[in-house]
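A.B. asks: Following this message is one structure expressed as structure tokens.
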2 protein chains.
Amino acid sequence: MAFVNQNQILQSLIAEQLVSDPASARGRLLKEAARLFRDKGYERTTVRDLAAAVGIQSGSLFHHFRTKEEILKAVMVETIRLNTALMQAAADSEESPRGKLRALVRSELESINGQTGEAMAVLVYEWRSLSESSQVQVLELREIYEGLWLSVLEELNELGQLKADPFIVRRMLTGALSWTVTWYKPERGGLTLDGLTDQVMAMLGL
Amino acid sequence: MAFVNQNQILQSLIAEQLVSDPASARGRLLKEAARLFRDKGYERTTVRDLAAAVGIQSGSLFHHFRTKEEILKAVMVETIRLNTALMQAAADSEESPRGKLRALVRSELESINGQTGEAMAVLVYEWRSLSESSQVQVLELREIYEGLWLSVLEELNELGQLKADPFIVRRMLTGALSWTVTWYKPERGGLTLDGLTDQVMAMLGL
DNA sequence: GTCTATAGACTGATAGAC
DNA sequence: GTCTATCAGTCTATAGAC
């Protein structure tokens, strides 16, 4: 797994029909939906906005999705599936616990501030707009993702390298890393994604 | 300032008409609005919901506020004013830079998870629902608040006690502390607010 | 300062033609 | 698979009586 690149991972997920091909009609709609939901919020985004973004009429949307909420759910589900796979590969490519943690931080920062950033922001900020039954289903997927983090953090803790409780560190990191979407602008300042990762590791004394 | 308590601060802000008296009609509405906006989101909360929460009809709301957005803005403005004053008093009550930082972390955690928690969550998660002109006004108030943090963090940095850049540490803390609202439940587990503050300080190696 | 009644705009979703 | 047309419901805000 160590040298599998990001595009190979995406391709295999598409082949398994776990995420939509970004070139397909469904994939393009989900991409535009993520952008609109992040920019305006789920409630302020109308089905007319969504349809216009992919160049169709609002009535035609309901041929692809039964409800507006189904679109929100699909954005979230596919985003978690993709990022769990990317995260797993990032952790597997490192040997030491510290290296694995750095890879996870780097990978999550990339998810939040890169290609899937819009969808990741939706996952954090539009959670309440999901119906309760959908929340349960998305939460199940999310647990696999969180398990990756906890196993690495617990390993570091057993080595005495972690200064606080692993569960709490993960929750602090969840908040801290997702918040970067509101202020981190790689193009403006001199801070690269690797530089930002270094700052996070330094803050943890690692 | 060292021994001024929280209630005295609230009373003096009410006297200066910088925040509404929680017992007044306006104050009670803002309290209910904060709760509804946090629970359902600004867009999903209707003026009928707001009116019902204080026992009046929806038309009567517009005697107190010209628009629904004005209510959101008032929740945010009054929350920042109150918490800036509480934060200032907390920092002033300590001598050492480390002590001041701990007081700020403790104070912000209390704001987020205590009495003003509903309004603080609104400040973080409903930002986009504010019109651009209102965003500018609220941002100005927010800068005073952030200045308090930065002066303490820069002091610690000059003493060589901070492991990462002060600006970045503040932003990480903003995300990490505000995120506690999604998981920290003082009544359930054994972790107190002081215990949580200790974990944050330990994570920073302080 | 609160009420009732409603204007006027917008919403998600459906039906049936092509 | 997309179109047009529209339904039925909901929304913020206003007007005028009390």
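The values are calculated or read from the model by the stated rules, or taken from the named source; none is laboratory data. Just so we're clear, the structure is a prediction, and the values are computed from it rather than from any experiment. Quick reminder, even Gly has a Cβ in these numbers, built from the backbone with ideal geometry, and neighbours come from all protein chains shown. The accessibility values were calculated without ligands, DNA or RNA, using every heavy atom of the protein model including side chains. Shrake-Rupley method; radii C 1.70, N 1.55, O 1.52, S 1.80 Å.
A.B. asks: Could you please let me know if A:Ser12 is closer than 30 Å to A:Gln161 by Cβ and among the hydroxyl-bearing types (Ser, Thr, Tyr)?
C.D. replies: It is false that A:Ser12 is closer than 30 Å to A:Gln161 by Cβ and among the hydroxyl-bearing types (Ser, Thr, Tyr).
A.B. asks: A:Arg98: under 30 Å from A:Glu158 (Cα atoms) and of a type in the set (Lys, Arg), yes or no?
C.D. replies: So A:Arg98 fits the description; yes.
A.B. asks: Still on this structure, please answer the following. Tell me, yes or no, whether region B:36-54 has at least one residue that is near DNA strand D (Cβ under 8 Å from one of its atoms), surrounded by 15 or more Cβ atoms within 10 Å (Cβ to Cβ) and hydroxyl-bearing (Ser, Thr, Tyr).
C.D. replies: yes
A.B. asks: Of the numbered conditions (1) away from DNA strand D (no atom under 14 Å from the Cβ); (2) out of contact with any His (no Cβ under 7 Å at 6 or more places or on another chain); (3) more than 19 Å from B:Ala121 (Cα to Cα), B:Arg26 satisfies every one except a single condition; which is it?
C.D. replies: Here B:Arg26 meets the rest and fails (2).
A.B. asks: Filter region B:158-173 down to the residues that are more than 7 Å from chain A (Cβ to nearest Cβ) and not aliphatic (A, V, I, L, M), then identify the one that is most open to solvent (accessible area, probe 1.4 Å).
C.D. replies: For region B:158-173, the residue satisfying everything is B:Glu158.
A.B. asks: Can you tell which of B:Thr192, B:Thr197 is more than 8 Å from chain A (Cβ to nearest Cβ), β-branched (Val, Ile, Thr) and in contact with a Pro (Cβ under 8 Å, 6 or more places away or on another chain)?
C.D. replies: B:Thr192
A.B. asks: Is it the case that A:Thr116 is open to solvent by less than 40 Å² (accessible area, probe 1.4 Å) and either within 16 Å of DNA strand D (Cβ to nearest atom) or in contact with a Phe, Trp or Tyr (Cβ under 6 Å, 6 or more places away or on another chain) (or both)?
C.D. replies: No; evaluated as a whole, the condition is false for this residue.
A.B. asks: What pairs can you find where one residue is in region A:42-57 and touching a residue at least 24 places away in the same chain (Cβ under 8 Å), the other is of a type in the set (D, E, K, R) and in a loop (DSSP other than H, G, I, E, B), and their Cβ atoms are less than 9 Å apart, with a gap of 6+ or different chains?
C.D. replies: Once the first residue is touching a residue at least 24 places away in the same chain (Cβ under 8 Å) and sits in region A:42-57, its partners that are of a type in the set (D, E, K, R) and in a loop (DSSP other than H, G, I, E, B) give A:Tyr42/A:Glu126; A:Tyr42/B:Glu43; A:Glu43/A:Glu126; A:Glu43/B:Glu43; A:Glu43/B:Arg44.
A.B. asks: A further question on this structure: Test of understanding: among B:Ser111, B:Ser134, B:Ser96, B:Ser58, which residue is surrounded by 19 or more Cβ atoms within 10 Å (Cβ to Cβ), hydroxyl-bearing (Ser, Thr, Tyr) and either more than 14 Å from chain A (Cβ to nearest Cβ) or within 16 Å of DNA strand C (Cβ to nearest atom) (or both)?
C.D. replies: Only one candidate qualifies: B:Ser111.
A.B. asks: Okay, moving on. What tally of residues in region B:1-35 results from selecting those that are open to solvent by less than 30 Å² (accessible area, probe 1.4 Å), more than 14 Å from B:Ile71 (Cα to Cα) and among the polar types (S, T, N, Q)?
C.D. replies: Number satisfying all stated conditions: 0.
A.B. asks: Residue under question is A:Arg44, and the condition is that it be in contact with an Asp or Glu (Cβ under 9 Å, 6 or more places away or on another chain), more than 11 Å from DNA strand C (Cβ to nearest atom), charged (D, E, K, R) and within 14 Å of chain B (Cβ to nearest Cβ); does it hold?
C.D. replies: Criteria not met by A:Arg44.
A.B. asks: If I filter region A:69-90 for residues that are surrounded by fewer than 17 Cβ atoms within 10 Å (Cβ to Cβ) and within 16 Å of DNA strand C (Cβ to nearest atom), do I get at least one hit?
C.D. replies: yes
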